[in-house]
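The values are calculated or read from the model by the stated rules, or taken from the named source; none is laboratory data. If you're wondering where the values come from, they're calculated on a predicted model, not measured in any experiment. Here the Cβ positions follow ideal geometry from the backbone for every residue, glycine too, while neighbour counts run over all protein chains shown. Accessible surface is based on the protein model in full, side chains and every heavy atom, while ligands, DNA and RNA are left aside. Shrake-Rupley method; radii C 1.70, N 1.55, O 1.52, S 1.80 Å.
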Amino acid sequence: MSSKEYIEVILENAEKVHPEMSEYRQALEEFLPTIEPYIDEHPELKEHNVLGLIAEPERIIKFRIPWQDDEGNWRVNMGIRVQFNSAIGPYKGGLRFDPSVTESVVRFLGFEQIFKNGLTGLPIGGGKGGANFDPKGKSDGEIMRFCQSFMTEMQRYLGPDLDVPAGDIGVHAREIGYLYGQYKRINHNNPGVITGKPVTLNGICGRAEATGHGAAYFVANYLQDHDDSFEGKRVVISGTGAVGSRALEKVTELGGKVVAISDITGYLTTEAGVDIDKILTMVDDSSYSLKEFAQECDHGEFYEGESVWDAALNYDIAMPCATQNEINKTRAKNMVDCGISLIAEGANMPVDIEGIATFKEAGVIHLPGKAVNAGGVAVSALEMAQNAQRVKWSYEQTDQELQAIMQEIYEKCRDTSQHYLGKEDFIAGANIAGFDTVSKAMYAQGLA
């Protein structure tokens with residue numbers, strides 16, 4: 001059986017067993033074909049069915065989350081944690097509180113996380129979780145009671161050497177604080193059990209900025225490698241959460257101009273460049289939207305209910321930092337027409353398969369999310385180390401480590417693609433490099 005045929009068997013099996021899990025199957029369909037050259041060079045992968053093993057999670061935990069709203073009414077949501085692969089370390093991956101959370105979404109995120117974590121070079125495995133709870137419009141008390149109920153069930157599956165969650169969409173420092181507080185009430189004071197904690201709760205300085213800043217550092221490494229920089233570059237960013245807002249901050253600091261930014265309410269364009277300080281307030285206040293921000297500022301133009309990727313703009317670099325599948329074939333074509341030469345994914349799987357093909361055909365440099373946004377989980381692993389050692393790092397120390405890690409990831413993706421494809425292909429380079437680390441660890445443990 002050829003490597004291509006073997007991959008097709010795995011994909012056909014996923015479609016047969018999980019027909020309803022479109023996001024999860026999409027993640028497999030995007031990933032597996034890119035590692036075909038690696039399988040050609042390592043035929044033992046087929047003999048031991050490593051792809052079959054790695055494509056299914058080691059464990060899935062589902063549970064209900066009962067909680068009371070401010071009126072005293074009992075409500076219930078669904079919680080889930082996918083502990084996907086522990087070959088190189090304890091499960092590590094964020095918690096997402098959003099109505100879109102399903103098993104399919106969490107499986108896809110967990111699968112991506114395996115190889116993202118492998119790229120960091122740090123001893124952390126892949127996992128992901130969350131709940132179909134929408135924090136928007138909820139009071140602090142409601143969010144606290146929900147987090148406490150979530151952790152009451154989740155805590156029995158966590159530990160610094162077992163599973164260490166962090167934040168994601170809808171889960172920021174406030175939610176992490178509530179989650180950790182409940183863990184401590186039930187168990188004991190062990191800050192290494194969750195990351196993304198406020199600095200006052202043994203969190204690491206620079207974690208809030210890490211994913212967005214790391215994304216900008218990755219792009220800067222690519223540009224520098226090609227005798228270029230952010231200076232004079234026109235950039236468009238989607239998402240005003242922890243990733244998009246901090247990417248905006250670092251891109252601007254490095255000399256780029258963010259000429260448009262978007263959230264779920266629409267997008268804002270401005271030739272003056274986006275006001276960083278006001279955007280950063282949106283991270284801490286989930287009820288504050290870009291629409292409200294646009295009404296308060298006296299520059300730019302806001303387009304309500306529209307995607308920034310449909311806009312007729314002139315820009316060089318796209319950084320989708322919102323959510324999965326925000327860019328399809330039609331939007332990718334429009335972005336090519338807008339003149340982009342590079343897309344860097346700050347989100348997980350923001351471009352669908354047809355969109356990826358469109359960018360490739362147009363010659364657009366495509367830097368994938370599992371490499372570009374790996375800075376967040378890398379700094380989370382540093383937080384785990386800080387907690388274990390009972391030490392405190394400065395922001396400068398964290399940022400220095402983050403820059404070094406992002407440069408190492410960039411070089412690993414570049415060099416791996418050159419080795420296996422003889423050219424720069426950062427999607428294949430990231431996938432193969434991450435898979436190489438994890439599969440070798442599985443072999444060393446008897447395919448554990």
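Looking at region 317-410, what strands (runs of 3 or more DSSP E) fall wholly within it and have at least 3 residues that are of a type outside the set (Val, Ile, Thr)? Break it down stepwise before answering.
Details: elements: 317-320, 342-344, 365-367.
Because the criterion is at least 3 residues that are of a type outside the set (Val, Ile, Thr), the strands (runs of 3 or more DSSP E) in region 317-410 that meet it are 317-320.
Among the residues of region 1-33, the one identified as farther than 15 Å from Leu45 by Cα and among the β-branched types (Val, Ile, Thr) is Val17. Of Arg59, Arg75, Arg96, all but one fail to be surrounded by 20 or more Cβ atoms within 10 Å (Cβ to Cβ), among the charged types (D, E, K, R) and either out of contact with any helix residue (DSSP H, G or I) (no Cβ under 6 Å at 6 or more places or on another chain) or modelled with pLDDT under 95 (or both); the exception is Arg96.
Quick check on this structure: which one of Phe115, Phe97 is under 17 Å from the mean Cα position of the chain (by Cα) and more than 27 Å from Asn202 (Cβ to Cβ)? First the steps, then the outcome.
Details: Phe97 fails: more than 27 Å from Asn202 (Cβ to Cβ).
Residue meeting the stated conditions: Phe115.
For every residue, the table says whether it meets (1) free of Cβ contacts under 8 Å to residues at least 12 places away in the same chain; (2) surrounded by fewer than 24 Cβ atoms within 10 Å (Cβ to Cβ); (3) under 19 Å from Gly196 (Cα atoms).
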| residue | (1), (2), (3) |
| --- | --- |
| Gly89 | no, yes, yes |
| Val101 | no, no, no |
| Gly129 | no, no, yes |
| Pro135 | no, yes, yes |
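Considered as a group, the residues in region 14-36 that are more than 18 Å from Phe84 (Cα to Cα) and without any contact (Cβ under 8 Å) to a residue 60 or more places away in the chain include one that is most open to solvent (accessible area, probe 1.4 Å), and that residue is Lys16.
Criterion first (touching a residue at least 40 places away in the same chain (Cβ under 8 Å) and within 28 Å of Trp393 (Cα to Cα)) does Ala210 satisfy it? Taking the combined requirement at face value, the residue satisfies it. Tell me, please, whether a residue that is of a type outside the set (Lys, Arg), open to solvent by less than 10 Å² (accessible area, probe 1.4 Å) and assigned to a strand (DSSP E or B) can be found in region 103-126. Yes - at least one qualifying residue is present in region 103-126. What number of residues within region 159-176 are open to solvent by less than 20 Å² (accessible area, probe 1.4 Å) and either in contact with a Gly (Cβ under 8 Å, 6 or more places away or on another chain) or not in a strand (DSSP E or B) (or both)? Adding up the residues that qualify gives 8.
Please specify each residue of region 38-56 satisfying the condition of being under 14 Å from Gly127 (Cβ atoms) and open to solvent by less than 50 Å² (accessible area, probe 1.4 Å). Of everything in region 38-56, just one residue is under 14 Å from Gly127 (Cβ atoms) and open to solvent by less than 50 Å² (accessible area, probe 1.4 Å), namely Ile54. In region 200-209 there is no residue that is open to solvent by less than 10 Å² (accessible area, probe 1.4 Å) and either touching a strand residue (DSSP E or B) at 6+ places or on another chain (Cβ under 9 Å) or in a helix (DSSP H, G or I) (or both).
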